[in-house]
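Everything below concerns the one structure shown next.
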Amino acid sequence: AHIGYYTMLFSHCAPNGRVFAFEAASPSCDKCLRNLEYNARAHDRDFSNVELVRMAVGDRNEPAVEETLYLSGTPDYGKTRAQFDFTTLDAFCDRRDIQHVDLIKSDVDGWDYEVLLGAREMIQRCRPVLLAAGQRFDLGSHAHRQGARRRTRPRARRAASRHGPAPR
């Protein structure tokens, strides 16, 4: 969710759908909530289809200590280690009885592969559009992720070729 830009965009684009915005970092979550409230008032928008979920998304369902980077303008500016409650998208959908997902947008500072691992069943069942931002510097810093990048690249190109030219 970060500060809510894409959350508001997706809410506006799918007014009859539901938008689940995940944000585990309290400063960003609070800012996202304030932005939703402000934009609802200032621009007469209805964000009632948005649910802000204060959890991290990944490939596990348990609390974990992870390093995070808080942006300037937050009380915890800089890198810090904090405990976050993690969920997989598969487990979240099971708990909420969500039967269909149209889109997954992920931008979790290099952990996008883990998010997709935690959504395998749902991706196979629903075939949603996937928007994932894998930062190369984060992927390259972990050996297992280098292999993940090699494994996912051919699939991403095949998926893109069904919907237009493959990315270069």
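The values are calculated or read from the model by the stated rules, or taken from the named source; none is laboratory data. The model shown is predicted, which means the values in this text are computed figures rather than measured ones. Note that we place each Cβ from the backbone using ideal geometry, even for glycine, and neighbour counts take in every protein chain shown. Side chains included, ligands, DNA and RNA excluded: accessible areas come from the protein's heavy atoms. Shrake-Rupley method; radii C 1.70, N 1.55, O 1.52, S 1.80 Å.
Miscellaneous remarks
- Rounded FRET efficiency, nearest 0.05, which uses the C-beta distance separating ARG54 from GLN124 and R0 of 30 Å: 0.65
- Area of LEU89 that stays accessible when all protein chains are in place (1.4 Å probe, Å², to 10): 20
- Percent of Cα-Cα distances greater than 26 Å, calculated over segment 1-124: 21
- The label-point distance for SER26 and ALA133, in a model that sets each label 7 Å from Cα toward Cβ, rounds to 2.5 nm.
- Over all other residues within a Cβ to Cβ distance under 14 Å of ALA14, the charged ones net out to 0, with Lys and Arg as +1 and Asp and Glu as -1.
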